[in-house]
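Report on the structure given below.
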Amino acid sequence: MTTKLFGTKVPRVEDDRLLRGQGRYVGDVFSGQDALHAAVLRSPHAHARILDIDVEPVLDVEGVVAVYTYDDLEDAMGEPLPLLIPHPTLTHGRTQYALAKDEVNYAGEAVAFVVATDRYVAEDAVARIRVRYEPLPAVVGIAASRAAEHLVHDDVPGNVGARMEQHNGDAPAEIAKAPHTLTLDLDVERSACTPLEGRGVAARWDPDQQRLQVWSSTQTATGVRAAVAAKLGLDLRAVDVITPDVGGGFGVKINHPWPEELLVPLAAMRLGRPVSYVEDRREHFVASAHERAQVQHIEVGFDDEGRLLGLDVMFWHDHGAYTPYGLIVPIITSTQLLGPYKPRAYRVVFESIYTNTVIVTPYRGAGRPQGVYAMERTMDAIAAYLGKDRTEVRAVNFIQPDEFPYEHGLVFQDGRPLTYDSGDYPASLEKIKQLVGWDEFPQYRKEMAAQGRRVGIGLACYVEGTGVGPYEGAHVHIETSGKVKVATGLTSQGQGHQTVFAQLVADELGVRFEDVEVVTGDTRRMPYAVGTFASRAAVMSGSAIHLAAKRAKEKALRIAAEALEADVDDLEITDGVVSVKGAPGASISLGTVAVLSNPLRYAFDEASKSATQFAVGDPDKPPVAPGEEPGLEGKDFYSPERSTFASGMHAVIVETDPDTAEITILKYAVVHDCGHLINPMIVEGQIHGGVAQGVGGALYERMVYDENGQLQNASFMDFLMPYVSEVPETIDIDHLETPSPLNPLGIKGAGEAGVIPSAALFASAIEDAEGIEITAMPISPSDLFTLREEHR
Amino acid sequence: MSEELHEITLRVNGHDHAVAVPARRLLSDALRLDLGLTGTHVGCEHGVCGACTVLLDGAPTRACLMFAVSAVEAEITTVEGLSQPDGSLGPVQQAFKDCHGLQCGFCTPGFLTTITAGLEENPHPTRDEAREMVGGNLCRCTGYQNIVAAVLKAAELR
Ligand code: FES
Ligand code: FES
């Protein structure tokens, strides 16, 4: 029996090539070839009218091949970029043009596009383009946007893109009659994904085949393909999008099409030469996407035990200058805010508002960190008010294990009811308390205090809707060599998909892991797909691959049963060989089954002779039976009714320096429930990385805009992304496995979990250490120092 | 205005490569685009992330902060040169695989070169020294815990 790989720490198949420097990232695609390189002229102003663009000085720069401005864009290219996810409440959605038309709305917006023999020359040329701007007042920050003294877009009154309300029960009435009430005002600042590899795109036009090939560092190959075809007026069939190795995504690469994803293919077609563009680090800061900034106002009514009777939340979400990704982030905040709890009544209202800053699209966690922050700060405030232990207040509000499926009476980000499928929050709480030493902490605090050291403990809980639809698909092909080729359409950015998907196929088919090869994000191999976001890859593509492998297996067994003159039920497949159970002599390799699956007229090698017309087949029947297809393949799609809800709890012990206000992590613990784990090594890696991003977001990272809308820290020098010295040395992880009833593997997503509770968690721990209310995150040592001064 | 080209020879991973480059061409770009050694990655181009780290006569050097023409005298080692003579993974590479020290792999070449040099200098690092060794390289995916474990493992494997 082939050993089951599901649930084991299988080493990654990706590693070998990546460790040898043989990965193929978008910037490597035309290496050593005679390709052209592009650079972009970006607006230096956060808000301005474009009066005139003079490209004349560029045209005689040696090596410059083309310069495009808005005036060079035709037809659909001259229309605004698509608004990817419309929503009825997004009454004033706006998107930018591939190259700015008349007006720019953030510093970094693309204004002109230069193609040259190399990037150096292209940048020289960009520096020579002369643009006359009429600067307009910049709207920076949520307060300025709400004040609406100036408008980002003239035709968007009050700078409000959308106002949305959802409720379940009558929260204001419940609060009015509640024994206790509290009000909280909270702040979260901007951060960003900042993958080590920025965005990039390369394209080649094949004039012989009239076919466009595009490589993009994207999280959605099919999305880019559809957008490129629509914008360039090509048939979908004439466009291939290939996702090479991608150097991290974390959300920013799900937005599409970026201007360059259209301009590079356009230039490749017009010029008939391969063109490549890779953004530099500064461009990633000023011209990709940010997230997180919100201002929140919370009113809550509760009983003596801390039970939530009414929860009334209003928040303002800064979506930057445009809304290409719709309202996904604030919708997620507004729904996932509820976490593992069940308030008697809930109302949430948000406004998604414009500022003259970089656009906001999902960043790992995608609105959940802010929701968890609002909810968990509220829980801590209730506990403090009632003088209760923070875990007790949480426990009385938990949805209980026997209450699933649990309906919240709200609509989730996928347009479907917010219904949790499964979970066990009381068990998680027990585990996290054990893991971090919650009950022993008071004693520990005393001991530390005796040494003049100040420590605090924090806890935060979350529930994460993962595996959102609409669907993913997979194709499994068993070749005559016995090797198995698998394709799924969503893309990979380092999550180890090739490994975990191969584990699933090897298990289902009974073939050797080494014989399975998985391709992701190549529209030539799987043209129907959605993309990688919302911790959906394992759930969606994993399930689809499992189903497709099942189909291939069923077919293999049908053919093998005939060849072995046995009953399908008596067959098993081990290490790629089908045999009759208990009769090991009667066997046939999957490769041979693949040969037989495809009735041949022409042999091409020794093995294939056995499938030719004088060798096999009943002369009285059609060679391909009705309802069958030639070839040993399986294809299937997975489209769940709704999302599956993973959950978890993090706890941390921090030390704050009484003099310098430096914040040190002493212990970090995670309890995580993503259902069954396909590969625990990879899941834990995802948690490690998420926690590091969470630590960055809670303690170090912020986007510092000045009042003119200039980003002051647009480099790795000034944007403080954690090095090894900033992250916890170890993370104690414990898993709970509450399977999802929604998919065949019982799995839930795991990609984002590590980052979700961080802001809430550190606020809780620092507040506990300092005895000062923490209402704004991130918090740096100097912020804490200032807070102490204010509370003296 | 035509850029003056300099005919230079870069010695990389034991092989000589003749190239003609403008004076301003960064070593990182020359390696990646002119020599086709795309294993060296560029994550910031301002010397902070360490993804572009190569060894110059054994010393870790940020290839994005150096012109190709300045590297002519040196013996350059890139990630492509870290495997064993028989083609199997080198000790640092193997340790990264064993410890799941990489996810997207974009930062990885810079870590591998940095650690290779680090272990040359300090073959038996303590945990703290291992952290120190990778303290100047950024990774956005792994959270570093497994990278530190890989440093210690590599020291064992060497
Ligand atoms: S690319 Fe050289 S240090 Fe970042
Ligand atoms: S593995 Fe992706 S940046 Fe380090």
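The values are calculated or read from the model by the stated rules, or taken from the named source; none is laboratory data. If you're wondering where the values come from, they're calculated on a predicted model, not measured in any experiment. Note: ideal-geometry Cβ built from the backbone for every residue, glycine included; neighbour counts use all protein chains shown. What goes into the accessible areas is simple: the full protein's heavy atoms, side chains included, and nothing from ligands, DNA or RNA. Shrake-Rupley method; radii C 1.70, N 1.55, O 1.52, S 1.80 Å.
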Check: Whole-Hz Karplus ³J(HN,Hα) for the stretch A:712-729, in order, using 6.51 cos²θ - 1.76 cosθ + 1.60 and θ = phi - 60°, x for Gly and Pro?
Finding: 7, 10, 7, 7, 6, 6, 10, 8, 8, 7, x, 8, 4, 5, 9, 9, x, 5
Next item on the list: Identify, among B:71, A:756, A:354, the residue whose Cα sits farthest towards the positive end of the charge dipole of the protein assembly as shown, taking +1 on the Cβ of Lys and Arg and -1 on the Cβ of Asp and Glu, with the dipole about the Cα centre.
Entry: A:756
Notebook entry, point to check: Any idea of residue A:476's accessible area? Nearest 10 Å², probe 1.4 Å.
Noted result: 0 Å²
Next item on the list: Using a 1.4 Å probe on the heavy atoms of the protein chains only, list every residue of the stretch A:709-751 that has 20 Å² or more less accessible area in the complete assembly than in its chain alone.
Entry: A:716, A:717, A:721, A:722, A:723, A:724, A:727, A:729
Notebook entry, point to check: To the nearest 0.05, what FRET efficiency results for residue A:481 and residue A:155 with a Förster distance of 51 Å applied to their C-beta separation?
Noted result: 0.25
Margin query: Show log10 I(q)/I(0) for the protein assembly as shown at q = 0.05, 0.06 Å⁻¹, two decimals, from a solvent-free Debye sum over equal Cα scatterers.
Written below: -0.30, -0.44
Next item on the list: Would you pull out the residues with amide H under 5 Å of residue A:418's amide H, same chain only if 5 or more places away, H placed 1.01 Å from N?
Entry: A:408, A:409, A:410, A:411, A:412
Note to self: I'd like to know which of A:769, A:135, A:241 lies farthest towards the positive end of the charge dipole of the protein assembly as shown, counting +1 on Cβ of Lys and Arg and -1 on Cβ of Asp and Glu.
What the structure shows: A:241
Note to self: Can you compute the radius of gyration and Dmax for the stretch A:627-674, using only the Cα atoms, both in Å?
What the structure shows: 24.6, 78
Notebook entry, point to check: Taking the Cα atoms of the stretch A:198-350, what is the range of coordinates along each of the three principal axes, in descending order and whole Å?
Noted result: 76, 33, 26
Checklist line | Helix axis angle, B:145-157 relative to chain B longest principal axis, alpha carbon, degrees | finding: 90 degrees
Next item on the list: Describe numerically, in nm with one decimal, the distance between label points set 7 Å from Cα along Cα→Cβ at residue A:165 and at residue A:270.
Entry: 4.9 nm
Note to self: Nothing charged except the Cβ atoms of Lys and Arg (+1) and of Asp and Glu (-1): what's the magnitude of the dipole of the stretch A:462-578 about its Cα centre? Round to the nearest 20 debye.
What the structure shows: 620 debye
Next item on the list: From the C-alpha gyration tensor of the stretch A:89-186, pull out the three semi-axes of the equivalent ellipsoid (sqrt of 5λ each), sorted largest to smallest, in whole Å.
Entry: 45, 15, 14
Margin query: I want the antiparallel fraction of DSSP beta bridges within the stretch A:470-638, as a percent rounded to 5.
Written below: 75 percent
Next item on the list: Can you tell me what the convex hull of the Cα atoms of chain B projects to on average, as an area in nm²?
Entry: 9.2 nm²
Margin query: Test of understanding: in a Gaussian network model of chain B with alpha carbons linked when under 10 Å, which of B:119, B:35, B:102 would top the mean-square fluctuation ranking?
Written below: B:35
Item checked: Interface residues, the stretch A:23-41 - accessible area loss of 40 Å² or more versus chain alone, probe 1.4 Å -> A:25, A:28, A:31
Next item on the list: Find the Rg to Rh ratio for the stretch A:699-792, where Rh is the Kirkwood radius over alpha-carbon pairs and Rg uses the same atoms.
Entry: 1.09
Note to self: How large is the accessible surface of residue B:2 in square angstrom, using a 1.4 angstrom probe and rounding to the nearest 10?
What the structure shows: 90 Å²
Next item on the list: Kindly give Rg over Rh for the stretch A:470-638, based on alpha-carbon atoms, with the Kirkwood expression for the hydrodynamic radius.
Entry: 1.01
Checklist line | 0 to 90° range, to nearest 10: angle between helix B:108-121 axis and chain B longest Cα axis | finding: 70 degrees
Item checked: Interatomic Cα distance distribution for the stretch A:223-297, bins of 5 angstrom, percent -> 3, 12, 20, 24, 16, 12, 6, 3, 2, 1, 0, 0
Next item on the list: Would you mind giving the total buried accessible surface between chains A and B, with a 1.4 Å probe and ligands, DNA and RNA left out, rounded to the nearest 100 Å²?
Entry: 4700 Å²
Checklist line | Projected area, mean over directions - the stretch A:330-381, Cα convex hull, nm² | finding: 4.5 nm²
Note to self: Let's see if you can work this out: charge +1 on each Lys and Arg Cβ, -1 on each Asp and Glu Cβ, no other charges. What is the dipole magnitude of the stretch B:103-144 about its Cα centre, in debye to the nearest 20?
What the structure shows: 260 debye
Notebook entry, point to check: So for the stretch B:91-157, Kirkwood radius off the Cα pairs, Stokes-Einstein at 10 °C and 1.306 mPa s: how many µm² s⁻¹?
Noted result: 141 µm²/s
Checklist line | Coordinate range along principal axes, alpha carbons of the stretch B:5-81, Å, largest first | finding: 30, 24, 19
Notebook entry, point to check: Once both labels are modelled 7 Å past Cα along the beta-carbon direction, what's the residue A:776-residue A:737 spacing in nm?
Noted result: 4.6 nm
Next item on the list: Could you calculate the contour length gain from residue A:720 to residue A:173, that is, 0.36 nm times the residue separation minus the distance between their Cα atoms, to one decimal place in nm?
Entry: 192.5 nm
Notebook entry, point to check: Per residue of the protein assembly as shown, what 222 nm ellipticity follows from adding -39500 (n - 2.57) for every DSSP H run with n ≥ 4, rounded to the nearest 500?
Noted result: -7500 deg cm²/dmol
Margin query: Quick query: amide H of residue A:138 versus all other amide H atoms, modeled in the peptide plane; which residues come in under 5 Å with a sequence gap of 5 or more or a different chain?
Written below: none
Checklist line | Given charges at beta-carbon only (K, R positive; D, E negative), |dipole| of the stretch B:5-81 in Debye | finding: 220 debye
Notebook entry, point to check: Counting only protein heavy atoms, what percent of the accessible surface of the protein assembly as shown is carbon or sulfur at a 1.4 Å probe?
Noted result: 49 percent
Next item on the list: Could you name every residue in the stretch B:88-114 that has 50 Å² or more less accessible surface in the full protein assembly than in its own chain alone (probe 1.4 Å, ligands and nucleic acids excluded)?
Entry: B:89, B:97, B:100, B:102, B:103, B:104, B:106
Check: Per residue, how much accessible area does the protein assembly as shown have with a 1.4 Å probe, in Å²?
Finding: 36 Å²
Next item on the list: Identify all lysines with a Cα-Cα distance to residue A:667 below 26 Å; exclude those on the same chain that are fewer than 8 residues away in sequence.
Entry: A:9, A:388, A:431, A:433, A:446, B:153
Check: Label point 7 Å out from residue A:447 along Cα-to-Cβ: which residues of the stretch A:728-747 have amide N under 20 Å?
Finding: A:729-732
Next item on the list: Sticking with the crude label model, points 7 Å out along Cα→Cβ, report the distance from residue A:304 to residue A:569 in nm, one decimal please.
Entry: 6.4 nm
Item checked: Sequence-distant residues sharing a close amide H with residue A:576 (under 5 Å, placed H) -> A:511, A:512
